[in-house]
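Student: My questions will all concern the structure given below.
The values are calculated or read from the model by the stated rules, or taken from the named source; none is laboratory data. None of the values given here were measured: they were computed from a predicted structure. Heads up, the Cβs are rebuilt from the backbone with ideal geometry, glycines too, and the neighbour counts pull from every protein chain shown. Heads up: the accessible areas ignore ligands, DNA and RNA and are worked out on the full protein's heavy atoms, side chains in. Shrake-Rupley method; radii C 1.70, N 1.55, O 1.52, S 1.80 Å.
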Amino acid sequence: QHTLNNNFNKQDLMGRTLRLYVPKIEPPYVNYVNFSDAERLARGYGPGVVIEILKEIKNKLNLTYEIIESTDEKWGSLENGNWTGAFGVMYRKEADILVGAAIMQYDRGLITDLTFPFQYAPTAMLIRSPEKFNDNTWLIVTQPFKWEVWGLTAFSIAVSGLILYIFVRFLRCADEVQYTMVESVWIFFSVTVQQGLPVQPRSWSCRVMLALWWLASITLMATFTGSLVALFAVDKTSLPFYNFQQLVRLVQGGGWRIIMDGTSMTRTNMIKESESQTYKDLWYEMSVNRKVTYVKGVDAGVTLLLAESNYCLLGPEDSLKFQAAIDCRLKKLDEGILPTYLSIPFAKDSDFSTYASNTIRDLVERGFIQKWIDDYTSYMATKKGNTRCSPTNTAADKYLDLSKSQGAFWVLIGGFVLGVTFFIIESIYKGIRRLWKWHRSGGNKMEKKSKSFELEDDDEDLKKTSKK
């Protein structure tokens, strides 16, 4: 960025002609190059952030603009001591203003006056929208809660059962109901699923504990119900990755490739020069394993993205956000990488650089920059409609079909199977206990009978002996 000099004379800037070099059309920064209000009315949307800024300067200073269109649509860079592309034009003093959203870099600031940044623009990740989540087997049962909630609930039931078991053992002298360990745990499970208790505890300590557990179970049940309703109200999608680190791992695994705009190598160089290990890993895959495809502009990248699977387009956030807004087949991830600032390059030591920076700062502070971006994105999204991705909802869509409700029936079937299994186990267990009791009681009777016979024989021997 150039050094601001607020000692300029505004009158010296009035009524002059400036040469504008336009590298390429890049919505929402440069939508079209026309400064008339009639063109805005005819198209229905504005010319883009950069044109709006230059239009503001033009009207205040009564300037005349001479448009110079690009032939190669490249921003250019310093190669072997020579500047190429649009910045080469600025370096050779063939234009006064570069009409575009240029990433602010030190070497660019040496040959141009970079204005006050009009937008913070991290690099975003754009992928093709994944298919909707189709595995609904246990959707109605397990999805309302995360596994952490289910695990903590099960742990709480077990711990609470242990505490209740200890309480009733210490309160035996107070005529407290004596629950076994299994019965204690089963009591809290019954409360959790809103079942009653056959025998209530008598002590205040145990009753308070159960009352609070009832309150907690009611809250959990209400939360479960609300989460289940929200689950069916919102379409669930499963993304292949959620952050930049996961993307790099997929690229290393060989299943994914990167798409980047070949007309500007700034972001590529940022990846190359980064000291972060994640960026180093990505650069190795891009430079050595050639897992990157360079295209001519964001539109070409989107076309490739829609045609091929397992591709990720890296580009300016506002541009990719716009693409995702107008085509629901695309999905922009929330995470941003490679933070950058966007500026408008003026000729080095230009008389207009400071005035332009002050104008941009004023527009940024008043919120016009973001408003122009949002207005254009909203208008184009409405105009294109996304009808190909938005099927008409019918009344049948509001019903809960078997695909989404099958989990409840699987639980019911599981309950039948477990019930029959425990019935067989209990029957066998009780049969064995009866057999064991019968065996023990029968053995005692035989033993007693044998002893009585022995006593009778002894009596007869004594009688015979006494007669003799």
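Residue-wise test of (1) over 20 Å from TYR106 (Cα atoms); (2) among the aliphatic types (A, V, I, L, M).
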{"site": "MET265", "(1), (2)": "no, yes"}
{"site": "GLN277", "(1), (2)": "yes, no"}
{"site": "TYR284", "(1), (2)": "yes, no"}
{"site": "THR293", "(1), (2)": "yes, no"}
{"site": "VAL302", "(1), (2)": "yes, yes"}
{"site": "ALA307", "(1), (2)": "yes, yes"}
{"site": "TYR311", "(1), (2)": "yes, no"}
{"site": "ARG329", "(1), (2)": "yes, no"}
{"site": "LEU333", "(1), (2)": "yes, yes"}
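Student: Turning to a different aspect of this structure: For segment 175-208, give me each residue that is of a type outside the set (Val, Ile, Thr) and under 39 Å from the mean Cα position of the chain (by Cα). Talk me through it step by step, then tell me what you get.
Tutor: Going through segment 175-208, the residues of a type outside the set (Val, Ile, Thr) turn out to be 175-176, 178-179, 181, 183-184, 186, 188-190, 194-198, 200-207.
Correct list: TRP186, PHE188, PHE189, SER190, GLN194, GLN195.
Student: Looking only at segment 127-157, count every residue that is modelled with pLDDT of 85 or more, farther than 26 Å from GLY226 by Cβ and open to solvent by 50 Å² or more (accessible area, probe 1.4 Å) and tell me the total.
Tutor: So the answer is 1.
Student: Please find, among GLY76, GLY100, GLY88, GLY81, the residue that is in contact (Cβ under 8 Å) with a residue 40 or more places away in the chain and either of a type outside the set (A, V, I, L, M) or in contact with a helix residue (DSSP H, G or I) (Cβ under 8 Å, 6 or more places away or on another chain) (or both). Reasoning before the result, please.
Tutor: Details: GLY76 fails: in contact (Cβ under 8 Å) with a residue 40 or more places away in the chain; GLY88 fails: in contact (Cβ under 8 Å) with a residue 40 or more places away in the chain; GLY81 fails: in contact (Cβ under 8 Å) with a residue 40 or more places away in the chain.
Answer to the check: GLY100.
Let's see how each residue does on (1) farther than 16 Å from ILE25 by Cα; (2) among the small types (Gly, Ala, Ser):
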residue: VAL49; (1), (2): no, no
residue: ILE53; (1), (2): no, no
residue: ASN62; (1), (2): yes, no
residue: SER70; (1), (2): no, yes
residue: LEU78; (1), (2): yes, no
residue: ALA86; (1), (2): no, yes
